[in-house]
Structures are given as C-alpha cells and as structure tokens.
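Written out below as structure tokens is the structure these notes cover.
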Amino acid sequence: MTDDLRKGRIVIVGASLAGLRAAETLREEGFTGSLTVVGDEAYPPYDRPPLSKQVLLGQTAPDATGLPIRRDPDAEWRLGVRATGLDPMGKRVLLSDGDPLPFDRLLIATGTRARPWPNPEEAALEGVFTLRTCDDAGGLAARLAAGPRRVLVIGGGFTGSEIASACRERGLEVTVAERGPGPLVGALGGTLSKLAAAMHRGHGVDLRCGVTVTALHGDGGGRFIGADLSDGSRVEADVCVVALGAVRNVEWLADAGLAAGPRGVACDAGCRAFNMYGIVTDDVFVAGDVSRFPHPLFEYQMLSLEHWGNAVAQAEVAAHNMVSPGPLRRPHLAVPMFWSSQFGLNIKSVGVPSFSDQVVIAQGSLEARRLAMVYGYRGRVTAAVTVNMAKSLEYYQHLIETAAPFPPAPGAADRPMAAEIPVPSDVPDPKGLSHGPTVALTGYLPDRRLTVVQH
Amino acid sequence: MTEDTLLERITDYANRPDPYPLYAELREAGPVVRQADGSYLVGTYHEIAALLHDPRISADPRSRPASAGDLYEEGAQPPFLRLDDPEHHRLRTLAMRPFGPPHSPGRVDAMRGQIADITRELLQGFRDREQIDIVDDFAYPLPVTVICRLLGVPREDEPLFREWSDVLVAGADVKPGEDTTERNQATQQARAEMGRYLLDLAERRRTHPSDDLLSAFVNEPDPALRLTREELAQTAVLLLIAGHETTVNLITNGVLTLLRQPDQLDRLRREPGLLPSAVEELLRYEPPVHMRERIPLADIGLAGTTLPTGSTVVLALASGNRDPKRFHDPDRFEPARPDNQHLGFGSGIHLCYGGPLARIEAQTALGALIPLLGTAALVQDPPPLPAERHAPRPPPPPPRRDQ
Ligand SMILES: Cc1cc2nc3c(=O)[nH]c(=O)nc-3n(C[C@H](O)[C@H](O)[C@H](O)COP(=O)(O)OP(=O)(O)OC[C@H]3O[C@@H](n4cnc5c(N)ncnc54)[C@H](O)[C@@H]3O)c2cc1C
Ligand code: HEM
C-alpha cells in the first residue's frame with residue numbers, strides 16, 4: 001500500500017509557493033513516480049511578498065524574487081500552460097495547450113489572483129494596476145520610478161497599505177481610498193486600525209476613509225488621470241493601484257464536481273478535496289490560498305487564508321498525505337500566521353483576529369508603536385498581533401493553541417495599565433470594506449451551492 | 001516533581017567535561033525538576049523555549065526577593081542582558097544602532113576581511129611548532145582582538161581587562177548552594193573598575209572620534225538616543241565580556257569536537273561549504289553557554305507544575321539542545337543537520353546580540369584551521385580543567401601537531 005503510493009503519476013496545478021513546496025516534499029517523502037507541475041505563469045516559482053515591499057522600493061528587481069529550491073523535485077515543469085478543466089472520472093487535467101494530463105493523484109494549488117476593478121474599460125486605462133504577479137510589480141515599480149505626481153491606492157488592506165508605504169518612502173504623493181472606517185480594520189479591528197491610520201497620516205498619506213471610488217477617468221489617449229469618490233470629491237493622479245483583495249482561481253474546476261466556490265476549494269484537515277456533495281475525495285488534494293479547510297481552534301469553521309506560511313505548511317501536509325496511507329496521514333492544524341511591513345512597522349499576526357469580541361493591549365503601548373494586542377472570543381484567546389514586538393508572538397501562539405483564558409494572565413514586565421481593560425475588538429462586517437480579508441472564517445459547509453456568491 | 005541535586009552535580013567540576021549524561025537524566029526526571037536549594041531546573045527544549053518567550057519571566061536579578069550580596073550593587077542598574085522590557089528593549093536598540101540592522105546593516109559583514117587577517121597572522125605563528133595551545137595561541141586572541149577593534153579598546157590593555165573579565169565570568173558561574181557573598185563583592189568591584197576604564201576611553205573619543213562603538217555611543221547627537229554615563233559603562237562592559245568569552249569557547253569546542261571525530265574533520269576538509277551549518281551544529285552540540293537563570297514575575301504553570309513568583313529558574317540550554325523530542329539523534333554531531341534551531345544563542349528577547357559576529361569569527365577561525373589540523377591530535381582527552389578559568393566548558397589542552 002505504502003509502496004503503491006510512492007509510485008504512480010502525480011500532477012500539481014499551480015507552480016507557485018504551494019506547488020513548489022509540495023513537489024519538494026513529495027520527493028523528500030520518497031515519491032519515485034512521475035511528477036508534473038502545471039503553471040500558467042511563464043516563470044519558475046517566485047515569491048510574492050517582496051512584490052509590494054522591496055520591489056516597489058526599487059531594492060529588488062521584479063524578476064529577482066525566485067523562490068529558493070530546497071531540493072530538486074525532479075519534476076516536469078509545464079510553465080505557461082493553463083489547466084482548463086478537471087475530469088474527475090477519467091482522472092485527467094485538461095490543458096490550454098496539448099493533450100489532457102492523466103494523474104493518479106492531483107494537487108490543486110492555483111492560489112488567487114488580484115480582484116480586478118469592476119469596470120473593464122476603466123481597468124484597462126494605462127496607469128491602472130493590480131498587484132499579484134511579478135509582471136504587475138515590474139510595471140508598477142517602473143511607473144513609480146518615473147515619479148508620478150500622485151498615486152491613488154484603492155483599498156486599505158495589507159497590500160494597499162504596503163503600496164502606500166512604499167510610495168511615501170519613495171517620496172511620492174499618495175491617496176488611499178478605503179470604504180471602511182480605517183486601514184486594516186477588517187484584519188486587525190478598531191484599535192490597531194486607528195494606529196494604522198495615524199501611521200498613514202503621520203507619513204503624509206492622504207487617507208480617505210468611509211468613501212468608495214465611483215469612477216476612474218482617462219484622458220483622450222486612454223491614460224488614467226484621476227478618479228471620482230463617493231463623497232463628491234475628485235482625486236487627480238497618474239497611477240492607480242486597485243488593491244481590492246483576491247479572487248480564488250477556481251473557474252477551471254467548474255465542471256469538476258468539487259466543492260469549489262468563490263471562497264476556495266473546500267478540503268478536510270488532511271487536505272483532501274470535498275466534492276460538491278460534501279463527500280471527501282481520496283485522489284484530489286488542495287493547498288495554499290485556493291483552499292478552505294476546517295480548523296479545530298476556530299470551532300471547526302472553514303478557514304480561508306492568504307498567508308505565505310499557510311501555503312508552505314499546508315503544501316507539506318498535502319504532499320505527505322498524498323504518499324501516505326490512512327493511519328499515517330497528518331492533519332493541517334497550523335495556527336494562521338501573517339506578517340506585513342509598512343511605515344516602519346513590523347506587524348505580525350497569529351490566530352484569527354477577526355474571530356474575536358474583545359481585545360487588550362497585553363504588552364507595550366500604542367504610543368511607543370511597540371505592543372502586543374491580544375484578541376479574545378468568549379473568554380479565550382483566539383489571536384494576537386504584535387507591532388515591532390515579533391519575539392513575543394510565539395508566546396501568544398501557545399496561548400491560542402491551548403485555548404488559554406482571555407484576557408491573558410498578568411505578569412509581563414512591560415504590561416501596561418491598559419491590559420486590565422478589554423475593549424471591543426470592533427471588527428466590522430467585511431462586506432463594508434473595499435478589500436477582501438486575508439483571513440476569513442467561512443462557516444462549516446463544504447457545499448459550493450450553499451456559498452453565497454458575492455460581487 | 002522530585003527534590004534533587006542534579007544542578008549541583010551538573011555544575012560540579014568533575015562532571016564538566018561531559019555533563020550530557022546528567023542532562024539526559026534531567027530530561028528524564030521531568031520537564032521541571034525542583035532542586036534541594038529551592039531552584040527549578042528545566043532541561044527540555046520546548047519548555048525552555050516557552051519560558052524564554054514568556055513575557056512573565058524576568059532576567060532581572062532584582063525580581064528576586066533580596067538575596068545576600070547580589071551580583072549588582074544596590075541601586076545600580078544591570079546591563080540589558082539582565083533587564084526586562086521595555087527598558088531592555090530601549091537599551092538593546094540603542095546599543096544596536098552602530099552595530100547592526102536597521103541602522104548599521106553592513107557593519108558586521110564589513111569586518112570579515114579584518115577577521116580573516118587576524119586569523120592569518122595568528123596561524124603564521126604556528127609554523128614549525130610541535131605543540132600549540134589552542135586557547136592561548138588562537139581561540140582567545142582572535143575574538144579579543146576583534147571586540148577590541150569593534151569597541152575601540154586598545155589591544156595592549158588586554159592584561160588589564162582580562163583580570164576584570166575573569167572575575168566577572170567566574171562571578172556569573174552557576175554554583176548552587178555556595179555562599180557567593182565574597183564572589184559577588186569581587187564581581188561588583190571588577191565591574192565598577194572596568195566600567196570606569198571604558199568610560200574613560202569613551203571620554204577620549206569625544207574629542208578624537210574614530211570608527212568604533214564607543215565613539216558612536218558617546219558622540220550620538222540626538223539626546224533621546226544617547227546612553228547615560230552609567231548605561232554606557234554597563235553596556236560597554238557587557239559587550240567587551242560577552243563579545244569574547246563565549247566565542248573563545250565556541251572556537252575551542254569546535255577544535256575539540258573535530259579532533260575527537262576525525263571523520264567529520266575530514267568531511268569538512270573536503271566540503272568547506274558545510275562550515276556555516278557546522279558552526280550551527282557546534283552551537284547545538286557543544287554550546288559555550290550551558291545555562292541561564294530567570295525569575296518568574298507571576299506563578300507560571302508549566303508542564304503540570306508551577307514555577308512560583310520570585311523563584312530561581314535555571315534553563316539548561318545545552319540540555320535542550322540534546323532533547324530527542326526536538327532533535328533527531330541528538331547526541332550525534334551532524335555538520336549538515338537540517339532544521340537546527342538550537343538554543344546556543346538563547347531565544348526570545350535576549351537572543352544573542354552578537355550572533356552574526358560570532359558566526360563569522362567561528363567560521364573564519366575554523367575554516368582556516370581545519371586544513372592545518374592534518375594529523376593533529378589532542379595531548380590529553382578530556383582536557384584538564386584550568387583551575388583559574390571557571391567557564392562553563394573547559395577549554396581543551398593544546399593539540400599536538402605531528403608535522
Ligand atoms: C503583493 C503581495 C504581498 C504579499 N505579502 C504577504 C506577506 O507579507 N505575508 C504573507 O504571509 N503573505 C503575503 N502574501 C500572500 C502570499 O504571497 C500567498 O499566500 C502565497 O503566494 C500563496 O501561495 P499559493 O501557491 O497558494 O498561491 P499563488 O502564489 O497565488 O500561486 C498560484 C499559482 O497558480 C497559477 N494558476 C492559477 N490558475 C491556474 C490554472 N488554471 N492553471 C495553471 N496555473 C494556474 C497562478 O498563476 C499562480 O502562479 C502576499 C501576496 C501578494 C500578491
Ligand atoms: C559563540 C559566541 C557566543 C555565544 C555562544 C553567545 C551566547 C549568548 C546567549 C546564550 C545569550 C542569551 C543570554 C540570556 O538569554 O540570558 C547571549 C546574549 C548576548 N550576547 Fe552573546 N554569545 C556569543 C557571542 C557574542 C558576541 C560576539 C557579542 C558581542 C559582540 C555578544 C553579545 C551579547 C549580548 C550583548 C547579549 C545580551 C542580549 C540581550 O540581553 O538582549 N555575544 N549570548
């Protein structure tokens with residue numbers, strides 16, 4: 001049985017972080033069969049976090065973020081080729097180019113793409129960008145280097161905030177338009193959103209909250225020149241970055257009979273995909289941003305994450321389970337973790353901050369721009385966010401893993417008075433925000449037909 | 001939880017050449033083992049790591065109910081090694097400004113050339129010698145010269161500060177149950193003298209600045225970022241001592257380990273690319289710092305026991321490094337070991353400040369020495385323990401060169 005699983009044909013669709021790490025792990029775990037990795041981008045796997053950080057600052061070239069290969073996965077790489085469908089009965093992946101690809105086991109790792117601006121003509125204006133790929137980053141970095149008069153960023157989530165931060169660091173004027181009450185409010189709640197807003201403004205960002213962008217305008221030559229906001233004002237800018245969150249790449253699975261919907265492909269804790277009836281498959285696995293998986297720490301609700309660390313951890317578990325018989329399979333239980341750097345702050349998050357009703361500042365202070373904020377839900381710790389205090393994260397991760405009581409026990413040497421006073425976590429309904437969340441609890445049901453399609 | 005004298009046995013000089021069987025006993029006895037003297041000994045990796053990250057644990061000796069003749073004078077503030085956040089963070093950040101990222105990102109890397117030069121000079125002295133003393137002739141002079149240049153301390157003053165340094169290092173040694181009053185007085189005095197000496201050097205940099213840390217500290221233009229006199233003295237003493245004592249031991253332990261395992265020595269000679277990971281493995285396998293003390297600021301529950309507020313908790317880093325629950329085949333020296341998150345530099349907020357420098361020093365020193373070790377052998381194994389040096393690990397005796 002084990003021997004059989006080490007042989008055969010494995011196909012991975014998606015040649016990025018999750019796809020690469022899974023391929024490496026398969027070989028590490030002794031898989032000797034044939035391995036094919038299909039990816040619609042023309043490049044070997046590369047890293048995305050630098051695209052909104054070092055690349056926009058001109059410190060790293062957009063084509064220099066290739067992911068280090070930990071071990072040669074000895075795979076056939078079909079780059080620049082898109083998977084267009086999945087035939088679950090025939091066990092074949094249909095390709096945009098060439099014959100269908102047969103498999104014994106399949107890993108879906110198609111991640112997400114940037115949510116486009118809803119009006120295609122406006123989106124096509126020269127100077128309007130989204131940021132997901134290295135080509136996007138290269139184009140945007142070149143425009144920033146050319147010194148535009150103003151950049152408009154639509155959406156104050158992590159990506160939008162990082163872009164704004166990079167613009168200010170380059171000395172560029174920037175306006176951020178966010179529909180919610182403040183930047184990062186969906187991810188971090190009210191208190192830290194106020195800190196984020198202060199950081200934006202303190203660094204000279206023209207931050208507009210509670211507004212939506214209603215139209216993008218071009219000049220006669222199809223070049224972006226400005227935008228209208230819902231408060232009647234107008235922003236004149238030469239560059240616009242649409243940072244409205246991500247869309248799961250699941251369209252190619254439309255006829256595959258899987259539980260695949262706008263929130264991703266539902267799978268069990270062992271990364272096996274559910275079909276549309278909620279029956280778990282045994283030959284189709286899922287990992288990375290495209291997945292939705294149940295997590296025991298969050299009442300077994302399905303989690304949808306856009307987190308680098310999750311893509312790595314889940315890919316490793318998926319690969320292990322693809323070559324291991326039942327009793328040796330492992331669950332993917334990693335606590336969600338995320339980081340962002342912006343306006344000189346190092347922000348790290350562990351757990352699910354939006355799964356909370358109260359928060360306390362357990363260490364440090366807002367004034368010092370250095371703190372640990374702990375999130376609780378019904379009296380237990382569910383998340384923590386550190387600002388310039390990353391070394392504390394591990395401790396809070398442990399509290400989350402052990403469902404420790406909230407607020408956390410006293411005793412920290414740098415515990416502020418505020419630690420005694422939990423305040424509402426103030427996480428708004430994501431529907432009221434410009435950008436999609438990078439972490440979301442998406443209920444219990446794997447059935448795509450029960451998932452309300454948004455937008 | 002059993003009452004025990006393990007700590008006493010571990011720190012007994014007779015057991016220092018090989019305390020690892022005792023560490024195995026410690027891990028076996030439970031994550032937390034209460035000692036007869038009332039302290040708590042922790043020897044398992046995950047529990048040590050958890051405590052090093054716990055914000056309720058203090059490194060400040062003043063967190064303990066006053067004990068007779070402490071290491072630090074009354075009213076005096078310890079260096080940031082023994083302070084808690086936020087004060088620790090403030091001082092560590094200030095000390096880091098001229099030394100590492102984000103303000104001085106290239107500083108340590110730029111010292112590579114210097115370190116290689118010093119190493120070469122020392123090795124030249126070995127030519128045509130039958131027998132060398134690895135400590136006195138090599139492992140000691142290298143880091144001392146490096147830290148002197150970095151800080152801005154004249155190398156010629158070495159005999160002066162070596163004396164203070166020896167007293168301070170001996171004073172920090174863990175010896176349970178022993179009356180430490182006298183030792184602590186000596187420590188306080190040595191620290192004060194060394195502090196005055198370094199302050200004096202720093203004062204001279206005010207008018208004659210050069211490219212060293214003392215100059216940077218004393219000439220900091222922003223008053224908010226300037227160390228007070230007392231802070232400067234404490235920080236400079238800390239850096240001078242922390243900057244060389246441990247590195248001496250790492251280099252020495254490296255030579256000792258490789259001479260004991262000729263196949264690995266051979267492997268490193270053939271694959272010099274393994275050197276960086278071999279140094280990490282050394283930091284795990286034979287770390288210079290075996291234990292650190294902490295004090296809980298609240299009752300801390302750990303693995304079913306409680307560490308009471310104000311108690312002394314001894315974290316046996318070297319034991320955590322050999323914990324089979326964390327490291328596969330932990331008693332094997334494996335220079336290519338993957339996933340090697342050892343506790344050799346500690347962990348958490350007090351994670352070694354000089355790690356990047358120490359790594360370069362050890363890599364350079366061992367890298368240059370390995371090709372020369374040829375058929376060298378230890379004169380005596382285990383090496384005799386020099387009575388006057390009370391470092392947690394004994395430096396080995398001179399290896400002999402047969403060529
Ligand atoms: C600008 C930016 C900054 C980020 N910063 C951070 C950060 O600071 N911290 C953090 O934790 N995370 C960050 N992330 C998120 C992180 O990069 C993702 O979590 C990670 O890339 C997910 O990896 P993945 O392999 O699951 O998906 P992806 O990286 O999205 O890869 C999916 C791949 O599949 C390809 N594909 C899609 N459909 C098909 C198909 N039908 N056929 C073939 N190939 C297909 C895609 O083109 C893509 O190459 C950032 C992301 C971006 C875009
Ligand atoms: C191999 C060499 C070294 C080893 C094994 C080592 C080990 C350690 C360890 C274990 C700690 C943590 C102490 C604790 O948690 O209580 C520490 C802290 C420290 N080390 Fe090192 N060290 C080495 C070299 C250096 C060098 C070269 C310097 C200076 C240039 C240095 C400066 C410091 C300082 C200042 C601290 C205190 C950090 C803090 O409290 O924030 N060390 N070291």
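Every number here is computed from the coordinates shown, using simple stated rules; none is lab data. What you see is a predicted model, and the numbers here were worked out from it, not measured in a lab. No Cβ is skipped: glycine too gets one built from the backbone with ideal geometry, and neighbour counts run over all protein chains shown.
Of the residues A:Gly8, A:Gly261, A:Ala42, the one whose Cα sits farthest toward the positive end of the charge dipole of chain A, with +1 on the Cβ of Lys and Arg and -1 on the Cβ of Asp and Glu, is A:Gly261.
The H on the amide N of B:Val379, modeled in the peptide plane, is under 5 Å from the matching H of B:Arg400, each at least 5 residues off or on a different chain.
Shielding of A:424-432 by partners, i.e. mean partner chain Cβ atoms within 10 Å per residue?
0
Centre-to-centre, using Cα atoms only, segment A:220-248 and segment B:1-60 are separated by 61 Å.
Rounded to the nearest Hz, the phi-derived 3J(HN,Hα) couplings of segment B:336-346 under the Karplus curve 6.51 cos²θ - 1.76 cosθ + 1.60 (θ = phi - 60°) are 9, 4, x, 6, 9, 8, 6, 9, x, 9, x, where x marks glycine and proline.
Partners of A:Lys348 within straight-line reach, counting aspartates and glutamates whose Cα lies under 12 Å from its Cα and excluding those fewer than 8 residues away in the same chain: A:Glu394. Charges were assigned to the Cβ only: +1 to each Lys and Arg, -1 to each Asp and Glu. The resulting dipole of segment A:172-288 about its Cα centre is roughly 360 debye. A simple spin-label model places the labels of B:Ala192 and A:Asn346 3.8 nm from each other, with each point 7 Å out along Cα-to-Cβ. Close amide H pairs (under 5 Å, H built 1.01 Å from N) link A:Phe274 with A:Ala259, A:Ala266, A:Cys267, A:Asp268, A:Thr281, residues at least 5 positions away or on another chain. Fewest neighbouring Cβ atoms within 10 Å first, the residues A:Ser349, A:Ser365, A:Ser425 line up as A:Ser365, A:Ser425, A:Ser349.
Take every pair of alpha-carbon atoms less than 8 Å apart whose residues are at least six positions apart; their mean separation over the length of chain B yields a relative contact order of 26 percent.
Could you tell me how far the Cα centroid of segment A:1-74 sits from the Cα centroid of segment A:343-365, in Å? Computed from Cα coordinates, the inter-centre distance equals 31 Å.
Other residues with beta-carbon under 9 Å from the beta-carbon of B:Gly348 carry, at +1 per Lys or Arg and -1 per Asp or Glu, a net charge of -1. Neighbouring Cβ atoms from other chains, within 10 Å of the Cβ of residues in B:292-299, number 2 on average. Residue by residue along B:50-57, Cβ atoms of other protein chains within 10 Å of the local Cβ number 6 on average. Our coupling estimate for segment A:94-111, obtained by passing each phi through the Karplus curve with A = 6.51, B = -1.76, C = 1.60 and θ = phi - 60°, is 8, 10, 5, 9, x, 6, x, 10, x, 9, 9, 9, 10, 10, 8, 9, 8, x Hz, Gly and Pro reported as x.
Taken about its Cα centre, the protein assembly as shown carries a charge dipole of roughly 1480 debye when the Cβ of each Lys and Arg holds +1 and the Cβ of each Asp and Glu holds -1. For the residue pairs A:Lys53/A:Lys194; A:Lys53/B:Lys325; A:Lys194/A:Lys431, the C-alpha atoms sit more than 30 angstrom apart in A:Lys53/B:Lys325. Excluding same-chain neighbours fewer than eight residues apart, no lysines are reachable from B:Lys175 by a Cα-Cα span under 24 Å.
Counting charges near A:Gly210 (Lys, Arg +1; Asp, Glu -1) among other residues having Cβ under 12 Å from its Cβ returns a value of 0.
Segment B:132-148 and segment B:199-236 have Cα centres lying 26 Å from one another.
For a straight C-alpha distance cut-off of 27 angstrom, the lysines reachable from A:Lys7 (same-chain residues fewer than eight places away being disregarded) are A:Lys91. Taken one residue at a time, the phi angles of segment B:7-17 give Karplus couplings (6.51, -1.76, 1.60, θ = phi - 60°) of 4, 4, 5, 5, 8, 4, 4, 4, 9, 5, x Hz. Gly and Pro are set to x.
Taking amide H as placed 1.01 Å from N in the peptide plane, the amide H of A:Gly218 sits under 5 Å from that of A:Ile225, each at least 5 places away or on another chain.
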